[in-house]
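*Asks:* Provided herewith is a single structure, encoded as structure tokens, for subsequent inquiry.
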Amino acid sequence: MDKPTEILVIDDELVIIDAVVKACSLENYSIDFAINLKTGLEKISKKYYSIIICDIMMPDGDGFQVLNELQTKKIDGALIMMTGYSTVENAVNSLRDGATDFIPKPFTVDELLSSIYRANKYHQIITRQKLYSKDSNKVDLFYVECPTKYYRLGHSSWLLEESDGTVLIGICDIFLKTIDKIMEIEFLEPEDELAQGFNCFTIKSNSERIHKIHSPVSGRIIEVNQNLKLVSNLIEKDPYFEGWVYRVIPHDLGYEIKNLTPCSSDRTQVNTH
Amino acid sequence: MFKKIGLKLISFVAITSLLIIGVFAYFNVKSQSNSLISEVERHANQLSETVISSTRYDMMLNQRDRLQKIINSIGTQPQIRDVRVINKIGEIIYSSDTANIHKMVDKRAESCYACHAEDKPLEQISITERTRIFRIHPDSNRVIGIISPIYNDQSCWQAECHAHPEDQKVLGVLDVSISLAEVDKEIITGEWQVVIFACVSILALGLLISFFVRRWVSNPVNELLNATQQISQGNLNYLIADLGDDEIGKLGDSFNNMTKKLSEARMQLFQSDKLASLGRLAAGVAHEINNPLTGVLTYSSYLLKRSKNNPEFQEDLKVIVRETLRSREIVKSLLDFARQSVPKKRNADINEIIDKAISVVEKQFSINKITILKQSENNLSKIAVDENQIQQVFINLFVNASDAINKEGGIVTITTKQTSLSPLGVVQIKKASCSKRHSLIDNEFKINGLPSLKVKVVSGDNEGIIHLDPVYGKHSNYFALNFPIDKNTKFVCPECSVSIVKSNDNCPRCGSPILNFEVNGQGIYEVCSAENSNWEKWDFVDSTGSKEYIEIKISDTGCGIDKEDIPRIFEPFYSTKGQKGTGLGLAVIWGIIDNHNGTINVESEVGIGTTFIIRLPLDQQKRN
């Protein structure tokens, strides 16, 4: 096996740190911790961690400072924000600003491990892609980026505005690449309400992991893509077009779309690489 | 002392009446005494004439003794003080007071002054000039004296005695003095009468005015003052008793009204504050409890993963994990409460929800002697609703019904049925925007309790806002413009002034411009811009045709709702129950029904009862 993934957890609550440490001990991770933001930032500057799990609100600062630190020092570790329900909007914003994922507290060990698993995979893909793109220009080899008119929430879900005022939402290809083969998808029903940043559907992968997908928008589901149930692997084959998941009437798209990342910005970024 | 309005008024009225009555009394007394004096004067003059003419014969005969006797006998009359005859050289030749006879009279004395003012005696002088009023000495009564000249006459110089030469015109004077004691007494009596009258009338006026001032001004003003003090001390329940129907009464009414409004506003503030702090508390608790809960959840789920070989532990740990997950949902719902929860809809049977709601209030109903009649249509379609929320709606409505029914008891009737309704008059436009996506919904201006559509109207230099009924097919539009709409009038978005008139098309009924609104995700709503036109078109809704609804009617035989209250009952914090209610019940109901795209209406008659009609669309899918 590879050398264990280095993880840093930053939280002001020891019980959380302990819990994360215990959970990580179940899998092949090497874990370090910091009891406040200051020590956390010091550790980041001294050592490279491929995954950082950070509480979004701490007495001496917030997770955005860690994000800042990573970006200014061009450290490409994955950052998972831990957030209370009251700060989900902050967490959504942190995804726009470059965090990899967030996980709402309280979480189960399974939820945490799934998130770490995906972050680890994501990190691997990005690192490999960077290595690869130095040699060739085939940037799309590892995953398919979302189309230009789309908006995405972090690297998990996407949103497309339709001309009739509804939006389609679906799942990003890179998210699918970070999970193993999909075994089962648990959908919500039409008329169910979505809230931005909250769970909108659940994927069970063949490694028995459960992945919860954050909704990119608040609104009411009016249609669930029935083809997903009929055609197996549709979502993996064509995640951006035929593999859409819900059609939703958004509650306040104008406001919430500001928290999302326009996919067109990815293209320009990639091209400059 | 003069700080009281009543006293001020009374003293002002007293001083004014004192002045008026005083001036009146003065002139009255004066004219009375004048007329009395002139009466006495006339009387004295007449007496003098009588004396002169009755003594004339004796004078002719030069019978001086008889003359003296006559004068004496006249002088004995009680009121006559003195009768004297004075000759031209000023000697008293006859007098009723014999001691004065042959005394000389000083010509400069008062009695002579009238005629002798210019040293030579006048011959003809008027009666007033011949009269004088004087006092013998300061303490004595007033006396009126009248001098009558005795003129020469042919018979005088032709008489045998030849006492008087022919060229003499005035032979002497008769001086009669009459005491004015009686007259003065009468005058004083008169003066007193006037003074007493004045005093009594001022007193009576004062009392009368003070009585009415107290009744109409002081008491109401004091009551108002008392009320303001009560209000300022925070007693907003203080109501002023009926102060009559004059201006002060109206002031009292409007004061009461103001107090009521104030108390409502305070209540609202209190309620919203309470809710806000409750929300903050909930959010705070949820936030604080998250971390320990995370500990419990991660440790228990960790143990669960670790103890796969130990089925005994597994079972117990599963319970811990499950219950902790439940706590997580509770925390989440607490936070949802803090920021208005969204309904979690599942297909459910409305009749079952109603039965559950009834079971909650059954006990209260039986205590209040309320009978429940349920007339439900069987085989109702299942409908996607948030069961908990809808159940809360029914419970709230049942509790309202129970509150409305008095102690004698009553009946609550619940009817459910499935019905098909045309979209006209039912569908509400909840979102509308201009072509630049500015919202045209005016939450401040409501028509029949629903936020209206706003359109800015520009005509030359005039600008105004018109409000359109958001309910499709109702046309309760509100045009309050102070200028006419003409051909050049523009209808624009109030925010960006982009025109919302449909180009190249006019109203098929009246030819006026058509306004079109983009209804978020529901096509275009078109409406005629003329005030009285009832043309409108909404293809999106029209194409769906009639919709299936589940209709629930809840009627009570309670006290009913006043007509004026009906438009406001769904407003938050509007309560007709006074201190008893929060005023949130119906607002919450309205919010829930609205979240389910349903409608709620109320029909009520005071004294007969109230019916709430809820319609929930079966097919909530808004797209074709």
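*Asks:* Is it the case, given these coordinates, that B:Ile354 is farther than 30 Å from B:Leu618 by Cα and either of a type outside the set (Asp, Glu) or within 12 Å of another protein chain (Cβ to nearest Cβ) (or both)?
*Replies:* Details: farther than 30 Å from B:Leu618 by Cα: no; either of a type outside the set (Asp, Glu) or within 12 Å of another protein chain (Cβ to nearest Cβ) (or both): yes.
So B:Ile354 fails the test.
*Asks:* So in region B:1-59, with the set limited to residues that are small (Gly, Ala, Ser), farther than 24 Å from B:Gly206 by Cα and crowded, with 17+ Cβ neighbours inside 10 Å, which one is farthest from the chain's Cα centre (by Cα)?
*Replies:* Filtering region B:1-59 down to residues small (Gly, Ala, Ser) leaves B:6, B:11, B:14, B:17, B:22, B:25, B:31, B:33, B:35, B:38, B:44, B:48, B:53-54.
Going one step further and asking which of them are farther than 24 Å from B:Gly206 by Cα, we end up with B:31, B:33, B:35, B:38, B:44, B:48, B:53-54.
This time we only want the ones that are crowded, with 17+ Cβ neighbours inside 10 Å, so: B:33, B:44, B:48.
Numbers: B:Ser33: 55, B:Ala44: 70, B:Ser48: 76 Å.
Applying the filter and picking the extreme gives B:Ser48.
*Asks:* Within the bounds of region B:401-410, is there any residue that is touching a Leu at 6+ places or on another chain (Cβ under 8 Å) and surrounded by 15 or more Cβ atoms within 10 Å (Cβ to Cβ)?
*Replies:* Quick first cut of region B:401-410, residues touching a Leu at 6+ places or on another chain (Cβ under 8 Å) only: none.
Taking every residue of region B:401-410 in turn, none turns out to be touching a Leu at 6+ places or on another chain (Cβ under 8 Å) and surrounded by 15 or more Cβ atoms within 10 Å (Cβ to Cβ).
*Asks:* Can you give me the ranges of the helices (runs of 4 or more DSSP H) entirely in region A:1-90 with at least 3 residues that are within 12 Å of chain B (Cβ to nearest Cβ)?
*Replies:* Numbers: elements: A:14-25, A:37-46, A:63-72.
Ranges flagged: A:14-25.
*Asks:* Further question: Within region B:310-320, identify whether any single residue is at the interface with another protein chain (Cβ under 9 Å from one of its Cβ atoms), modelled with pLDDT under 90 and closer than 19 Å to A:Phe107 by Cα, and answer yes or no.
*Replies:* Here is the first cut: in region B:310-320, the ones at the interface with another protein chain (Cβ under 9 Å from one of its Cβ atoms) are none.
No, every residue in region B:310-320 fails to be at the interface with another protein chain (Cβ under 9 Å from one of its Cβ atoms), modelled with pLDDT under 90 and closer than 19 Å to A:Phe107 by Cα.
*Asks:* Additional query: Could you tell me whether A:Val109 is among the β-branched types (Val, Ile, Thr) and within 14 Å of another protein chain (Cβ to nearest Cβ)? I'd like the intermediate steps shown before the answer.
*Replies:* Numbers: among the β-branched types (Val, Ile, Thr): yes; within 14 Å of another protein chain (Cβ to nearest Cβ): yes.
Spelling it out, A:Val109 is indeed among the β-branched types (Val, Ile, Thr) and within 14 Å of another protein chain (Cβ to nearest Cβ).
*Asks:* Then there is this: Having 3 or more residues that are in contact with a strand residue (DSSP E or B) (Cβ under 8 Å, 6 or more places away or on another chain) and in contact (Cβ under 8 Å) with a residue 60 or more places away in the chain is the bar; report the strands (runs of 3 or more DSSP E) wholly within region B:402-480 that clear it.
*Replies:* Numbers: elements: B:410-421, B:441-447, B:450-459, B:462-468.
Per the criteria, B:410-421.
*Asks:* Okay, next question. Which helices (runs of 4 or more DSSP H) does region A:144-246 wholly contain that include 2 or more residues that are within 14 Å of chain B (Cβ to nearest Cβ) and of a type in the set (Ser, Thr, Tyr)?
*Replies:* In region A:144-246, there are no helices (runs of 4 or more DSSP H) which contain 2 or more residues that are within 14 Å of chain B (Cβ to nearest Cβ) and of a type in the set (Ser, Thr, Tyr).
*Asks:* From the list A:Ile35, A:Ile10, A:Ile44, pick out the single residue that is modelled with pLDDT of 90 or more and farther than 19 Å from A:Thr100 by Cβ. Walk me through it before giving the result.
*Replies:* On the way: A:Ile10 fails: farther than 19 Å from A:Thr100 by Cβ; A:Ile44 fails: farther than 19 Å from A:Thr100 by Cβ.
Every option except A:Ile35 fails the conditions.
*Asks:* Something else about it: Any idea which of (1) surrounded by 16 or more Cβ atoms within 10 Å (Cβ to Cβ); (2) outside the structural domain of B:Asn516 (by TED's automatic domain parsing) is the one B:Lys430 doesn't satisfy?
*Replies:* If we test B:Lys430 against (1) surrounded by 16 or more Cβ atoms within 10 Å (Cβ to Cβ); (2) outside the structural domain of B:Asn516 (by TED's automatic domain parsing), just (1) comes out false.
*Asks:* While we're looking at this one, here's another question. Filter region B:134-152 down to residues that are part of a strand (DSSP E or B) and of a type in the set (S, T, N, Q), then give me how many there are. Can you show your working first?
*Replies:* The first filter runs over region B:134-152 and keeps only residues part of a strand (DSSP E or B), leaving B:134-135, B:142-151.
So of that shortlist, the ones also of a type in the set (S, T, N, Q) come out as B:148.
The total comes to 1.
*Asks:* Condition (residue is modelled with pLDDT of 85 or more, of a type outside the set (Phe, Trp, Tyr) and touching a strand residue (DSSP E or B) at 6+ places or on another chain (Cβ under 6 Å)) applied to region B:364-371: is it met by at least one residue?
*Replies:* Yes, because at least one residue in region B:364-371 is modelled with pLDDT of 85 or more, of a type outside the set (Phe, Trp, Tyr) and touching a strand residue (DSSP E or B) at 6+ places or on another chain (Cβ under 6 Å).
Residue by residue, here is whether (1) in contact with a Gly (Cβ under 9 Å, 6 or more places away or on another chain); (2) within 14 Å of chain A (Cβ to nearest Cβ); (3) of a type outside the set (S, T, N, Q) holds:
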position: B:Gly464; (1), (2), (3): no, no, yes
position: B:His467; (1), (2), (3): no, no, yes
position: B:Pro470; (1), (2), (3): no, no, yes
position: B:Val498; (1), (2), (3): no, no, yes
position: B:Gln522; (1), (2), (3): yes, yes, no
position: B:Ser529; (1), (2), (3): no, no, no
position: B:Asn532; (1), (2), (3): no, no, no
position: B:Ser543; (1), (2), (3): yes, yes, no
position: B:Lys553; (1), (2), (3): no, no, yes
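*Asks:* Please work out if B:Thr415 is in contact with an Asp or Glu (Cβ under 9 Å, 6 or more places away or on another chain), under 30 Å from B:Glu377 (Cβ atoms), of a type outside the set (A, V, I, L, M, F, W, C) and surrounded by 15 or more Cβ atoms within 10 Å (Cβ to Cβ).
*Replies:* Yes, satisfied.
*Asks:* List the helices (runs of 4 or more DSSP H) that sit entirely inside region B:53-133 and contain at least 3 residues that are within 29 Å of B:Val183 (Cβ to Cβ) and at pLDDT 80 or above. Working first, answer last.
*Replies:* Working: elements: B:64-75, B:110-116, B:127-130.
Correct list: B:64-75.
*Asks:* For region A:119-169, give me each residue that is modelled with pLDDT under 90 and either of a type in the set (Val, Ile, Thr) or in contact with a Pro (Cβ under 6 Å, 6 or more places away or on another chain) (or both).
*Replies:* Of everything in region A:119-169, those that are modelled with pLDDT under 90 and either of a type in the set (Val, Ile, Thr) or in contact with a Pro (Cβ under 6 Å, 6 or more places away or on another chain) (or both) turn out to be A:Ile125, A:Ile126, A:Thr127, A:Val139, A:Val144, A:Thr148, A:Thr166.
The values are calculated or read from the model by the stated rules, or taken from the named source; none is laboratory data. Since the model is a prediction, treat every value here as computed from it, not as a measurement. Here Cβ is always computed from backbone atoms with ideal geometry, including for glycine, and neighbour counts include all displayed protein chains.
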